[in-house]
């Protein structure tokens with residue numbers, strides 16, 4: 001009887017110990033062994049602006065390149081961009097109506113292996129980098145969470161509002177040799193000066209899932225879901241505040257997957 005109990009008890013102990021072990025390597029880019037990483041990229045956007053005629057949908061496909069310049073820096077860019085227009089058919093379903101090729105675009109430059117960006121750049125670029133590629137630069141145990149600071153500028157009818165928050169990155173375990181990362185994005189912290197007699201709404205929230213190859217130092221794939229809301233109330237000529245429909249609600253889904261590592 002004791003021998004029969006010993007094996008499952010040892011197995012349980014091993015699993016408990018394994019769950020407390022950190023990743024073998026930090027969640028960090030490897031720019032030493034590659035010159036270019038090519039990802040297949042798809043993005044769908046649904047925008048609801050009732051004051052502008054209701055919902056609009058669009059799709060974009062592209063190649064997302066991490067172009068490595070040396071062991072310290074890489075540029076991130078889109079190539080082969082296709083913008084796909086959508087409209088409702090007679091049944092009310094959105095269907096593709098036209099496709100437009102767009103010029104190649106630089107998203108941000110001088111990305112470092114630790115996930116930061118060198119030099120003085122716009123906060124929106126930092127935020128984009130931490131959304132697409134949430135590098136923690138740490139060894140992580142299951143359940144560990146790292147908060148990556150974010151700051152996003154909103155311009156709402158001429159008012160510039162700086163909204164702050166975090167992308168909270170949690171290590172959920174290893175699967176098929178890849179580290180699994182889940183994130184929760186909440187950028188909704190802001191203040192409005194008391195001299196401004198309008199109420200504003202501005203936030204970016206979402207969640208994402210990633211597979212990261214810690215041995216090779218690169219992302220294998222990722223899925224990102226974002227919801228952005230922004231708008232304001234307005235004051236009419238009699239100085240009576242009333243809520244209008246000057247609001248925008250945008251849902252974005254991003255999927256990317258590694259195609260080639262060179």
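The values are calculated or read from the model by the stated rules, or taken from the named source; none is laboratory data. Please read these numbers as outputs of a predicted model, since none were measured by experiment. Reconstructed Cβ throughout: ideal geometry from the backbone, glycine too, with neighbour counts over all protein chains shown.
Observations on the structure shown:
- Count of residues meeting criterion [surrounded by 14 or more Cβ atoms within 10 Å (Cβ to Cβ) and modelled with pLDDT of 90 or more] in segment 216-262: 22
- Inter-residue pairs, beta-carbon under 7 Å, first without any contact (Cβ under 8 Å) to a residue 60 or more places away in the chain and on the phi < 0 side of the Ramachandran plot and in segment 128-156, second crowded, with 21+ Cβ neighbours inside 10 Å and in a loop (DSSP other than H, G, I, E, B), 6+ apart: 146/136; 148/134
- Where a residue in segment 211-222 is at negative phi and in contact (Cβ under 8 Å) with a residue 12 or more places away in the chain and its partner, wherever it lies, is surrounded by 19 or more Cβ atoms within 10 Å (Cβ to Cβ) and in a loop (DSSP other than H, G, I, E, B), with Cβ under 6 Å and at least six apart: 212/27; 214/23
- Some residue of segment 197-215 being over 24 Å from residue 59 (Cα atoms), at pLDDT below 85, surrounded by fewer than 18 Cβ atoms within 10 Å (Cβ to Cβ) and out of contact with any strand residue (DSSP E or B) (no Cβ under 8 Å at 6 or more places or on another chain): no
- In segment 92-135, the qualifying residues are those that are modelled with pLDDT of 85 or more, touching a strand residue (DSSP E or B) at 6+ places or on another chain (Cβ under 7 Å) and assigned to a loop (DSSP other than H, G, I, E, B), and the one that is farthest from residue 253 (Cα to Cα) is 118.
- Meets criteria (surrounded by 18 or more Cβ atoms within 10 Å (Cβ to Cβ) and out of contact with any helix residue (DSSP H, G or I) (no Cβ under 7 Å at 6 or more places or on another chain)) for residue 146: yes
- For segment 73-91, the set of residues classified as outside any strand (DSSP E or B) and modelled with pLDDT under 95 consists of 89, 90, 91, listed by residue number.
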